[in-house]
Amino acid sequence: MERMRRVRNGTLIFYYVFTLCAAVLCLLREATVYNGLLVLAAFLLPVVPHMLYRLCRLRPVYLLEVVFDGFVLAAVSFASLFGGYELIPYWDKILHFLSGFLFAVLGTAVYFSQKPGHALDPADAFNASLYTWMFAMMSAVLWEIWEYLVSFSGADPQQVALTGVGDTMGDIIVCTVGGLITAISCWKYLRHIGENRRKGLMMHLFEAYYRENIQSRH
């Protein structure tokens with residue numbers, strides 16, 4: 001855990017250095033209220049895990065924080081502030097694809113935190129995997145609703161004026177695929193508990209949370 005804490009501190013330093021540079025470039029390019037809010041969000045988002053730890057009385061999961069920081073860096077600092085959407089084709093779809101993995105892991109953690117006894121049981125493979133997939137799809141739908149509401153502020157992150165329907169469906173589809181892949185990984189993980197098995201990053205991430213905040217409390 002100490003090693004992961006040092007890794008997280010290092011990634012956090014890189015995150016803020018890059019975000020500061022990207023924020024300056026963004027505001028010099030176009031100093032709008034919307035961009036100002038993006039800059040504020042970029043600087044505040046890494047604090048979210050600590051807030052959740054306090055509110056929910058959870059133990060720190062540094063691997064989770066490293067992955068979260070990396071995603072926020074890619075989605076806000078690089079994509080929105082630095083201009084990554086214009087630099088890399090389909091970057092928006094790549095981010096939505098990755099979000100499917102992350103929200104699916106969150107769904108797995110929610111499932112076992114609410115299950116009576118909280119044990120990892122092979123009998124849960126189907127239900128947990130289905131819940132994981134549905135959780136990822138729900139996140140995609142809620143995000144698209146949020147983007148649609150933001151479009152009324154003058155910004156148009158969903159490209160409603162141009163390709164709203166196609167963009168929305170594309171985002172939902174790629175997030176759903178990411179969630180499905182994680183659900184399959186969850187199913188394999190639970191079906192082979194106790195055996196020598198290979199775990200992907202998503203199940204390592206879930207296991208780290210499970211060990212620190214579910215298993216250790218019961």
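The values are calculated or read from the model by the stated rules, or taken from the named source; none is laboratory data. The shown structure was predicted, so the numbers you read here are calculated from the model rather than taken from an experiment. Note that we place each Cβ from the backbone using ideal geometry, even for glycine, and neighbour counts take in every protein chain shown. These accessible areas exclude ligands, DNA and RNA; they are computed on the full protein's heavy atoms, side chains included. Shrake-Rupley method; radii C 1.70, N 1.55, O 1.52, S 1.80 Å.
Within the option set Leu58, Leu64, Leu28, being among the hydrophobic types (A, V, I, L, M, F, W, C) and within 24 Å of Leu87 (Cα to Cα) holds for one residue only, Leu28.
Just one of Ala123, Ala136, Ala128 is of a type outside the set (S, T, N, Q), under 13 Å from the mean Cα position of the chain (by Cα) and within 30 Å of Glu212 (Cα to Cα); which is it?
Numbers: Ala123 fails: under 13 Å from the mean Cα position of the chain (by Cα); Ala128 fails: under 13 Å from the mean Cα position of the chain (by Cα).
So the residue among Ala123, Ala136, Ala128 that is of a type outside the set (S, T, N, Q), under 13 Å from the mean Cα position of the chain (by Cα) and within 30 Å of Glu212 (Cα to Cα) is Ala136.
The C-beta contact set for segment 92-116 (first residue within 20 Å of Leu52 (Cα to Cα), second residue of a type in the set (S, T, N, Q) and open to solvent by 40 Å² or more (accessible area, probe 1.4 Å), distance under 8 angstrom, 6+ apart or interchain) comprises Tyr111/Asn127.
His204 passes every criterion in (1) of a type outside the set (A, V, I, L, M); (2) in a helix (DSSP H, G or I); (3) closer than 28 Å to Tyr62 by Cα; (4) open to solvent by less than 50 Å² (accessible area, probe 1.4 Å) apart from (4).
Among the conditions (1) modelled with pLDDT under 85; (2) open to solvent by less than 40 Å² (accessible area, probe 1.4 Å); (3) in a helix (DSSP H, G or I); (4) not acidic (Asp, Glu), the only one that Ser80 does not satisfy is (1). Residues in segment 28-58 that are of a type in the set (Val, Ile, Thr), surrounded by 12 or more Cβ atoms within 10 Å (Cβ to Cβ) and either part of a helix (DSSP H, G or I) or in contact with a helix residue (DSSP H, G or I) (Cβ under 8 Å, 6 or more places away or on another chain) (or both): Val39, Val48. Exactly one residue out of Phe14, Phe68 is in a helix (DSSP H, G or I) and open to solvent by less than 80 Å² (accessible area, probe 1.4 Å): that is Phe68. Starting from residues that are out of contact with any Asp or Glu (no Cβ under 9 Å at 6 or more places or on another chain) and either in contact (Cβ under 8 Å) with a residue 60 or more places away in the chain or of a type in the set (Asp, Glu) (or both), keep the ones in segment 138-155 and report whichever is surrounded by the fewest Cβ atoms within 10 Å (Cβ to Cβ). The extreme case among them is Gly154. Comparison of Leu149, Leu120 shows that the only residue that is of a type in the set (A, V, I, L, M, F, W, C) and in a helix (DSSP H, G or I) is Leu149. Considering segment 98-137, the residues that are surrounded by 15 or more Cβ atoms within 10 Å (Cβ to Cβ) and charged (D, E, K, R) include one that is nearest to Ala183 (Cα to Cα), namely Asp124.
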